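The structure appears below as structure tokens.
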Amino acid sequence: MKLCVVIGSGRVGGNTEQLADAFIKGAEEAGHEAVKIHLGKVKIGPCLGCNGCVAGGACVQKDDFPLFARAFLDCDALVLTTPLYFWGISGQLKSLIDRIYSIGEKDPKGYFKYPMKKCAMLCTAADSDRHFWAFELVEQYYRRLVNYMHWEDLGLLAAGGCGGSGTFPRRIEETPHLQRAYEFGKGLR
Ligand SMILES: Cc1cc2nc3c(=O)[nH]c(=O)nc-3n(C[C@H](O)[C@H](O)[C@H](O)COP(=O)(O)O)c2cc1C
């Protein structure tokens, strides 16, 4: 399978990218190919809601979105990764997902149709996952998204207890999550 792996963190080499890399390592060992798009390294702005794309044109914004669009249209599976930000996904990842609006096909009745994909999500958080609600909203959002898009759900890996970034000590290496992500990638079908 061809994978399009989106790193939805602004931090290069942070918890989220490490988790994604472990996933990619497993997936590549299992014979899959991955294209990685790091949202901390590209400029993809939020949807402006201008509906220019609904009128049949491409998105009016001149930024790096086409980089993602090409990888997305070409992939079999989209892998979304994000740090938990105030119990939700990161702003960078939400902006990217909203921009997929611009590449949906619009039928004469105005309904949108998106390319069929498989989809997985990986989410890191500072807090321990013993707080059952830590990933509750991310999980709900992910399920709703996959369902609306008619995508095939490959699963969600919630990686709690990774510690912080920057001044907070990072602990992802001390958790089982890198191994879990590797096995998730390796087991992809
Ligand atoms: C703006 C912001 C909001 C955050 N909100 C939460 C949160 O609600 N719950 C949590 O457990 N961790 C929260 N964190 C911590 C990050 O989710 C966690 O450290 C993550 O693993 C960082 O990933 P990164 O190194 O890829 O940036 C927050 C961090 C930031 C910067």
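At-a-glance table
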item	result
For the range 2-186, with +1 on Lys and Arg beta carbons and -1 on Asp and Glu, the positive-most of Tyr182, Asn15, Val42 along the dipole	Val42
Three semi-axes of the equivalent ellipsoid, the range 2-186, Cα gyration tensor, whole Å, largest first	28, 17, 16
Subset of Lys36/Lys94; Lys94/Lys118; Lys43/Lys186; Lys117/Lys186 violating a 21 Å alpha-carbon distance limit	Lys43/Lys186
In degrees, nearest ten, helix 65-74 long axis to first principal axis of the chain (Cα)	90 degrees
Highest-fluctuation residue, Val146, Val60, Val138 considered, GNM on the chain with Cα pairs under 10 Å	Val60
Two-site FRET efficiency, Lys62 against Glu139, from Cβ-Cβ distance with R₀ of 41 Å, rounded to 0.05	0.75
DSSP bridge orientation in the chain - percent antiparallel, rounded to nearest 5	15 percent
Additional length obtainable on full extension of the chain from Asp74 to Asp129, 0.36 nm per residue less Cα span	16.4 nm
Gaussian network model of the chain, springs between alpha carbon atoms under 10 Å - residue of Cys123, Cys59, Cys50 with greatest fluctuation	Cys50
Charged-residue dipole, Cβ positions (Lys, Arg, Asp, Glu), the chain about Cα centre, Debye nearest 20	380 debye
Extended-chain gain in nm, criterion 0.36 nm per residue less alpha-carbon gap, Tyr148 and Lys106	13.6 nm
Aspartates and glutamates with Cα under 16 Å of Lys113, excluding same-chain neighbours fewer than 8 positions away	Asp98, Glu105, Glu152
Ascending count of other beta-carbon atoms within 10 Å, so fewest first, for Asp21, Asp63	Asp63, Asp21
The range 21-98: C-alpha gyration tensor shape, a/c 1.5 cut-off, then a/b vs b/c	oblate
Rough spin-label spacing in nm, given labels placed 7 Å along Cα→Cβ, for Arg189 and Lys41	3.3 nm
Net length gained if the chain between Cys50 and Ser95 were fully extended (0.36 nm per residue, minus Cα distance)	14.8 nm
Estimated 222 nm signal from helices in the chain, with DSSP H stretches of n ≥ 4 weighted -39500 (n - 2.57), rounded to 500	-9500 deg cm²/dmol
Which of Phe86, Phe112, Phe135 has the fewest Cβ neighbours within 10 Å, and the rest in rising order	Phe86, Phe112, Phe135
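Here, each number is a calculation from the coordinates, and none is a lab measurement. Please read these numbers as outputs of a predicted model, since none were measured by experiment. Because the Cβ atoms are built from the backbone with ideal geometry, glycine has one as well, and the counts that use them run over all protein chains shown.
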